[in-house]
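Quick notes on the structure that follows.
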Amino acid sequence: MNKNELFREATLRICGNLEIEEALRELRLFLQEAMPVTHIFLQHYDAAYRAMRTIAYASESGYGKLDLLTPLSAKARELAANAPADQDAFLLTEPMAFPVSEEMTAFHGIQSSSVIVMTLRNRRDTIGYLVLVSEGKETFDDDDRVMIEQLKVPLVLSMSNALKHREVVALNDLLADDNRFLHGELRRLSGDEIIGARFGLKKVTRMVQQVAVLDSPVLLMGETGTGKDVIANAIHYTSSRSEGPFVSVNCGAIPDSLLDSELFGHEKGAFTGALSLKRGRFERAHKGTIFLDEIGELPLHAQTRLLRVLQNKEIERVGGVDTISLDIRIIAATNRHLETMVEKGDFREDLWFRLNVFPILVPPLRDRTVDIPALIQHFINMKAKELKLTSIPSLAPRAIEKIMNYGWPGNVRELQNVIERALILNPQGPLQFEHLGAEISKPVVKVESPSTESYNLDNLISHHISHVLKITKGRINGAKGAAALLGVNPSTLRNRMKRLGVSYGRKQVP
């Protein structure tokens, strides 16, 4: 075999395997036909531990990966750290007279008769060593050294890849550990504990226990701020999917133009600005749970695609042609009456039937005042930790009575905000809750229905919306916006305006 054939065949053996130990095995089998090689080691000097680290081996008895540190004497460390730069491979015909080979072969229990060491350099940096050992009477000669020296390029490439792979594996382990930690922190912060599970939410808790072990869709209903997200967390983390992802989506917070891309993902080049492939929320929830909050705010076209996910557990990315199968559990939540929306044509009836498999009604805080003391203590402890207070403040006399007698229109969310505000105003305590129930001044606007001779309901609604937009100067969001005056969600108002053909935006309003 000439030099070119040798180089080609050896390169195929070395670089034809993803795993470095497989490459060493193939290389040894190839070389043993031309030289008496019994062992091959891949090593590098670890300066942090002042030792030689063996990362892979191949021998007559086997092969595999290692992570084995061999302690070296001071003299051997000096030789290992300062490999000669005048040649790539050198031959040791008396390995027992060379400190590094003597200590390494003794550590591995090998009686070597000769050793070839190939220094693997990436430019000027030494990244490791390929060590070939011969046992028995037959020994290496200089022709063997020259042959190994010809394989410098593929061996350096393979060693570099092996070290990078080790680094990636180590980083991946760290990432997995961080992910487990953050997963637990998110679970704690988002509320994996149901306060009131034995009292005001006893019925809800029982229903959670019944459905958590299944994969059936769940529909959580209740007023804003009642803690539907906490119930969704509890369902996920007590199910068999608890180790999988929990992806939460606020359907009312995503603009209509980005909804498909956010939920279902997109392919590279699917539209202007799609510079790379993007996985959607559903795809990210594979093997876990997706929580669709404010499901009633989804426009009809998104409802159609969601129905397919529920029926077939399949999606297609925007701009894609491949069907992606999913293993997900869907939990939806709404503060709206979906039955009424179905009657008005704002929500698909077939989607409603699919989601309404196991409805759970989360009661408002005013209907479970028995849970208020426990909630107060929970939020005080949590917010005191977030605000880095040195001690937990106490409640002022009669403060609990004031809280118990309040109506809590904002439910648990309002209670949490009230407690945080009290802690900010008086971090040392006692907590007074002086501003409890303070009314937020709202502008009183007299809205007169525009005169129209039409009795068509859509026309009347269209004229009324246009009239309110004139009053708000085209503004839809905010306390003084059209949505607030009409008492609807801004996204719902925009969808209805699109359906009725009502222009919006400040430039459209005279």
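The values are calculated or read from the model by the stated rules, or taken from the named source; none is laboratory data. Everything quoted here is computed from the prediction, not taken from an experiment. Glycine also receives a Cβ, built like all others from the backbone with ideal geometry; neighbour counts cover every protein chain displayed.
Of note:
- If only residues of the stretch 96-118 that are under 16 Å from Arg77 (Cβ atoms) and surrounded by fewer than 23 Cβ atoms within 10 Å (Cβ to Cβ) are counted, the one that is nearest to the chain's Cα centre (by Cα) is Phe107.
- Among the candidates Thr139, Thr119, the residue that is in the same structural domain as Arg53 (by TED's automatic domain parsing), hydroxyl-bearing (Ser, Thr, Tyr) and either over 25 Å from Leu12 (Cα atoms) or in contact with a helix residue (DSSP H, G or I) (Cβ under 8 Å, 6 or more places away or on another chain) (or both) is uniquely Thr139.
- Within the stretch 292-310, the presence of at least one residue that is within 19 Å of the chain's Cα centre (by Cα), without any contact (Cβ under 8 Å) to a residue 60 or more places away in the chain, surrounded by 16 or more Cβ atoms within 10 Å (Cβ to Cβ) and within 15 Å of Val249 (Cα to Cα) is confirmed.
- When residues of the stretch 193-205 are limited to those that are part of a helix (DSSP H, G or I) and under 30 Å from the mean Cα position of the chain (by Cα), the one nearest to Leu220 (Cα to Cα): Val204
Yes/no per residue for (1) β-branched (Val, Ile, Thr); (2) over 19 Å from Leu436 (Cβ atoms); (3) not assigned by TED's automatic domain parsing to the domain that holds Gly227:
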position: Ile372; (1), (2), (3): yes, no, yes
position: His378; (1), (2), (3): no, no, yes
position: Lys385; (1), (2), (3): no, yes, yes
position: Leu389; (1), (2), (3): no, yes, yes
position: Pro393; (1), (2), (3): no, no, yes
position: Ile400; (1), (2), (3): yes, no, yes
position: Ile403; (1), (2), (3): yes, no, yes
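- Filter pass, Thr334 being polar (S, T, N, Q), farther than 22 Å from Asp229 by Cβ and outside the structural domain of Arg496 (by TED's automatic domain parsing): no
- Checking each residue in the stretch 312-357 for being closer than 30 Å to Gly269 by Cβ and among the polar types (S, T, N, Q) picks out Asn312, Thr323, Ser325.
- Within the stretch 219-233, residues that are without any contact (Cβ under 8 Å) to a residue 60 or more places away in the chain have Cβ atoms under 9 Å from residues that are aromatic (Phe, Trp, Tyr) in these pairs: Asn233/Phe246; Asn233/Phe291, counting only partners at least 6 apart in sequence or on another chain.
- Meets criteria (surrounded by fewer than 18 Cβ atoms within 10 Å (Cβ to Cβ), among the hydroxyl-bearing types (Ser, Thr, Tyr) and modelled with pLDDT under 85) for Thr390: yes
- Checked against the criterion of being without any contact (Cβ under 8 Å) to a residue 60 or more places away in the chain, under 25 Å from Gly200 (Cβ atoms) and either buried (at least 16 other Cβ atoms within 10 Å of the Cβ) or touching a Leu at 6+ places or on another chain (Cβ under 6 Å) (or both), the candidates Ile372, Ile328 yield just one match: Ile372.
- Screening the stretch 9-59 for residues that are among the hydroxyl-bearing types (Ser, Thr, Tyr) and outside any helix (DSSP H, G or I) and picking the one that is farthest from Leu132 (Cα to Cα) gives Tyr49.
- Asn426 satisfies every condition listed in (1) polar (S, T, N, Q); (2) modelled with pLDDT under 90; (3) under 33 Å from the mean Cα position of the chain (by Cα) except (3).
- Scanning the stretch 24-50 for residues that are in contact with a helix residue (DSSP H, G or I) (Cβ under 6 Å, 6 or more places away or on another chain) and at pLDDT below 85, we see that the one that is nearest to Ile116 (Cα to Cα) is Tyr45.
- Condition check for Met118: farther than 20 Å from His165 by Cα, assigned to a helix (DSSP H, G or I) and not aromatic (Phe, Trp, Tyr): no
- Positions within the stretch 331-367 being surrounded by fewer than 17 Cβ atoms within 10 Å (Cβ to Cβ), more than 32 Å from the chain's Cα centre (by Cα) and in a loop (DSSP other than H, G, I, E, B), in sequence order: His337, Gly345
- Residue match in the stretch 268-283 (condition: assigned to a loop (DSSP other than H, G, I, E, B), within 22 Å of Ala212 (Cα to Cα), in contact (Cβ under 8 Å) with a residue 40 or more places away in the chain and not assigned by TED's automatic domain parsing to the domain that holds Ser491): no
- Hits in the stretch 140-152 - residues which are buried (at least 19 other Cβ atoms within 10 Å of the Cβ) and either polar (S, T, N, Q) or in contact with a Phe, Trp or Tyr (Cβ under 8 Å, 6 or more places away or on another chain) (or both): Arg145, Leu151
- The lone exception for Leu79 - which of (1) modelled with pLDDT of 85 or more; (2) surrounded by 15 or more Cβ atoms within 10 Å (Cβ to Cβ); (3) aliphatic (A, V, I, L, M); (4) more than 15 Å from Phe140 (Cβ to Cβ) it fails: (1)
- Residue within the stretch 60-70 that is in a strand (DSSP E or B), touching a strand residue (DSSP E or B) at 6+ places or on another chain (Cβ under 6 Å), more than 24 Å from Lys137 (Cβ to Cβ) and basic (Lys, Arg) present: yes
- Selection within the stretch 1-55 - more than 44 Å from the chain's Cα centre (by Cα) and more than 20 Å from Gly136 (Cα to Cα): Met1, Asn2, Lys3, Asn4, Glu5, Leu6, Phe7
- Enumeration of residues in the stretch 121-150 that are among the hydrophobic types (A, V, I, L, M, F, W, C) and assigned to a loop (DSSP other than H, G, I, E, B): Phe140
- Qualifying residue in the stretch 56-73 (condition: within 15 Å of Met104 (Cβ to Cβ) and surrounded by fewer than 14 Cβ atoms within 10 Å (Cβ to Cβ)): yes
- Taken as a whole, the stretch 263-275 holds no residue that is under 30 Å from Thr238 (Cα atoms) and surrounded by fewer than 21 Cβ atoms within 10 Å (Cβ to Cβ).
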